[in-house]
Amino acid sequence: MGGRRSFFVVTMMAFGFAFLYVPILSMIVYSFNESRLVTVWAGFSTRWYAALLHNEQLLDAARLSLRIAVVNATGATLLGTLAGLALARFGQFRGRALLSGMVTAPLVMPEVITGLSLLLLFVALEQMIGWPAGRGVTTITIAHITFSMAYVAVVMQSRLAVLDESLEEAAMDLGARPVKVFFLITLPIVLPAVLAGWLLAFTLSWDDLVISSFVAGPGSSTLPIVVFSKVRLGVSPEVNALATILVLIVALGIVVAGVYLQRQERRRERDVQQALAARG
Amino acid sequence: MRRWSLGAGRFAVTAVPALWLLLFFAVPFLIVLKISVSGMRLGMPPYEPLITWASSLVFELRVHLDHYAFLWQDPLYRNAWLNSLQVAAVSTLLCLLLGYPLAWGIARATPAWRNLLLLLIMLPFWTSFLLRVYAWLGILKNNGLINNTLLALGVIDRPIVMLQTDFAVYLGIVYSYLPFMVLPLYAAIEKLDQTLLEAAADLGCRPFRAFLAVTLPLTWGGIVAGSLLVFIPAVGEFVIPALLGGPDSLMIGRVLWEEFFNNRDWPVASAVAIAMLLLLVLPIVVFQHVQGRTPVVR
């Protein structure tokens, strides 16, 4: 029975991965194309990378996006970790259903609705209390923190839910105060999840086009906004070069993370074996 | 003293994120609701106040329901909505048909291969959504990769128009959301007890029947989670129809965008948002509640 099915599965897998990767690979190949016509091959060249380095509009936008993404990731990780902790550790408290609902709702909310509602809030706030004055980096950052903290909260909640509570209880029984328990016991154990949450929030912000477009003002065009207005006019060799650089950074990051996780896994196995051997 | 500080700490941990979400997530919907029943006017902001104070005690409340009536009567919105549902449903089905064998193959691979293949599924997931949609422009356009290849091979003598068609929109959605389908399916298939299938085979069950009777019901949770993760964002999708679809490929997210940015009609855009909430998000939240679990996200 295995043979026929595995032939089908292998064919589908080959097709599926080709489907996922041919567009990315074609973008990488064309980024080295001499011709401005992008899809007509005219020889190998790195001129579009040079052009990218001199495109102040794209570079400024990238710097702005980077700044927003770092602030957003940090803020979203702080708020999301608090929310995840409350949902996973505080049992039933008043307002738990409300908090839990507000944490999951942004995940299923269409982006156009989140973007529109935040913009209308900012306009109404400005009318009432004069803050935020106009739209720009502040409003984009607040909007990003709002939707990405929900993702962090879900990651943290599910990580904390599978974490053995007895360590924390033991520390509290020995007289450690909750704040101390959190920083000495809980945080070190869930640190990988915190880092994963930070990276997730960073990526969400760095990639976001729709919500940013609603809450951005003049002079606060993030990288996706600039790229979108460029590619709406057609393919651009500079965008190919930019995409290639971004894909390589992500690939490198994933390989490093993968190797690191595998090494940690091996070390943990060895520790467990040593502990067992010492006891035996 | 100890108890008090414990209570205050707990309160702060809960209250800070809760207040943030109340202010920036819950309250905005009340404002959207308010503007969706306000009259339209020229100027900034382009809507009339709901309440006008005649004196400190007397006020006039003007509720306009005509934007909703307009949505109902104008076939543009109904067509855009039905078209969005259809595009999202077909794309979800295609994702499932392609994603299931992929997830199956990954779950049944040797551990070393499995990690590599999972990384390959995750990689596009962490790269820019916009740039991945953009990549298809270079492939689908009239002098793009597919047409140039087919022309060079002599299969066709004039380019096939693929960009700015519904085909391109389906392709873009399946491509962008495939990882969201594969990961929950993988999680469900990986947990599946292989011995159950062996037992079915030993008892003379043919593979396809075993799949229907054993595998499908046991991985149903993954199928539902993956389908929701594809269907919900696909309905409100803006980037893919805007870049790959034609001017007449109407989807509700794009209609809302254009109502807001091109026509500057905030009340109608708000009414579209509220209608989407009631017709899409609310049923899903109720469904999730009945199912008694939250979707697996990223």
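Each residue of the range A:108-123 in turn: what ³J(HN,Hα) in whole Hz from Karplus with 6.51, -1.76, 1.60 and θ = phi - 60°, glycine and Pro shown as x?
Whole-Hz 3J(HN,Hα) from phi for the range A:108-123: 9, 7, x, 4, 4, 6, 4, x, 4, 5, 5, 4, 5, 4, 4, 5.
Taking 35 Å as R0, compute the FRET efficiency from the Cβ-Cβ separation of residue A:252 and residue B:209 and round it to 0.05. Display every interim value, and only then the final one.
On the way: r = 46 Å, r/R0 = 1.32.
Working from the Cβ atoms, E equals 0.15.
Output needed for the range A:3-136: three equivalent-ellipsoid semi-axes, defined as square roots of 5 times the C-alpha gyration tensor eigenvalues, in descending order, whole Å.
Working: eigenvalues 350, 185, 41 Å².
Whole-Å semi-axes of the equivalent ellipsoid: 42, 30, 14.
Using only the C-alpha atoms of the range B:67-291, find the volume of their convex hull and express it per residue in Å³. Let's see the in-between values first.
On the way: hull volume 39.1 nm³, N = 225.
Considering the Cα atoms of the range B:67-291, their hull volume per residue is 174 Å³.
So what is the 222 nm mean residue ellipticity for chain A from helices alone, if each DSSP H run of at least 4 adds -39500 (n - 2.57) and you divide by all residues, rounding to the nearest 500 deg cm²/dmol?
Details: 12 runs with 220 residues, N = 280.
Mean residue ellipticity, 222 nm, calculated: -26500 deg cm²/dmol.
I need the phi-derived Karplus couplings for the range A:97-103: 6.51 cos²θ - 1.76 cosθ + 1.60, θ = phi - 60°, integer Hz, Gly and Pro marked x.
Values per residue, Gly and Pro as x: 4, 5, 4, 4, x, 6, 7 Hz.
In what sequence do A:177, B:108, A:268, B:254 fall when counting other Cβ within 10 Å, fewest first?
Details: A:177 13, B:108 17, A:268 10, B:254 21.
Result, fewest neighbours first: A:268, A:177, B:108, B:254.
Between residue A:164 and residue A:232, what is 0.36 nm times their sequence separation minus the Cα-Cα distance? Round to one decimal in nm.
Values: separation 68, 0.36 × 68 = 24.48 nm, distance 5.08 nm.
So the chain would gain 19.4 nm between residue A:164 and residue A:232.
What whole-number distance in Å separates the alpha-carbon centres of the range A:62-111 and the range A:16-48?
38
Apply 1/(1 + (r/R0)^6) to the Cβ-Cβ distance of residue B:110 and residue B:158, taking R0 = 56 Å, and write down the FRET efficiency to the nearest 0.05. Walk me through the intermediate numbers first.
Details: r = 47 Å, r/R0 = 0.85.
For residue B:110 and residue B:158, the calculated efficiency is 0.75.
At q = 0.08, 0.11 Å⁻¹, what is the base-10 log of I(q)/I(0) for the protein assembly as shown according to the Debye formula with one equal point scatterer per Cα and no solvent? Please give it to two decimals.
-0.63, -1.17
When you look at the Cβ of every residue in B:100-111, what mean number of other chain Cβ atoms sits within 10 Å? Before the final figure, lay out the partial values.
Working: counts 2, 9, 8, 2, 6, 10, 3, 0, 4, 2, 0, 0.
What the average comes to for B:100-111 is 4.
With just the Cα atoms defining each centre, how far is the range B:81-142 from the range A:130-200? Give it in Å.
When both Cα centres are located, 30 Å separates them.
Hey, what does the equivalent ellipsoid look like for the range A:57-248, semi-axes from the Cα gyration tensor as sqrt of 5 times each eigenvalue, largest first, whole Å? Before the final figure, lay out the partial values.
Working: eigenvalues 255, 85, 37 Å².
Three semi-axes, in Å: 36, 21, 14.
For residue B:47, enumerate residues with amide H under 5 Å from its amide H, sequence gap 5+ or separate chain, H modeled in the peptide plane.
Excluding prolines and chain starts, which carry no amide H, the hits are B:41.
Tell me, what is the FRET efficiency for residue B:48 and residue A:74 to the nearest 0.05, using R0 = 35 angstrom and their Cβ-Cβ distance as r?
On the way: r = 40 Å, r/R0 = 1.15.
The pair residue B:48/residue A:74 has a calculated efficiency of 0.30.
Quick check on the exposure proxy: order B:237, B:48 from fewest to most C-beta atoms within 10 angstrom. Please list the in-between numbers first.
Details: B:237 29, B:48 15.
If I rank by nearby Cβ atoms, fewest first, I get B:48, B:237.
When the Karplus curve 6.51 cos²θ - 1.76 cosθ + 1.60 is applied with θ = phi - 60°, which whole-Hz ³J(HN,Hα) does each residue of the range B:159-169 get, with x for Gly and Pro?
For the range B:159-169, the Karplus-derived couplings read x, 8, 7, 10, 6, 6, 10, 5, 3, 5, 5 Hz, x marking Gly and Pro.
Treat the count of other C-beta atoms within 10 Å as a stand-in for reagent exposure and order A:102, A:128, B:181, B:40 from fewest to most.
So the residues, fewest neighbours to most, are A:128, B:40, A:102, B:181.
7 Å from Cα along Cα→Cβ at both residue A:264 and residue A:44: what's the point-to-point distance in nm?
The modelled label-to-label distance comes out at 3.9 nm.
Hey, got the Cα dimensions of the range A:134-280 along the principal axes, in Å, largest first?
Principal-axis extents of the range A:134-280 (Cα, largest first): 70, 35, 18 Å.
Among A:270-278, B:274-282, how do they line up by average Cβ neighbours within 10 Å per residue, starting with the highest? The partial results should precede the final answer.
Numbers: A:270-278: 9.3, B:274-282: 17.1.
Per-residue Cβ counts within 10 Å, averaged per peptide and sorted highest first, yield B:274-282, A:270-278.
Just so you know, all these numbers are worked out from the coordinates, no wet-lab data involved. Quick caveat, the model's predicted, so the values are computed rather than measured. Ideal geometry is used to build each Cβ from the backbone, glycine not excepted, and the neighbour counts take in all protein chains shown.
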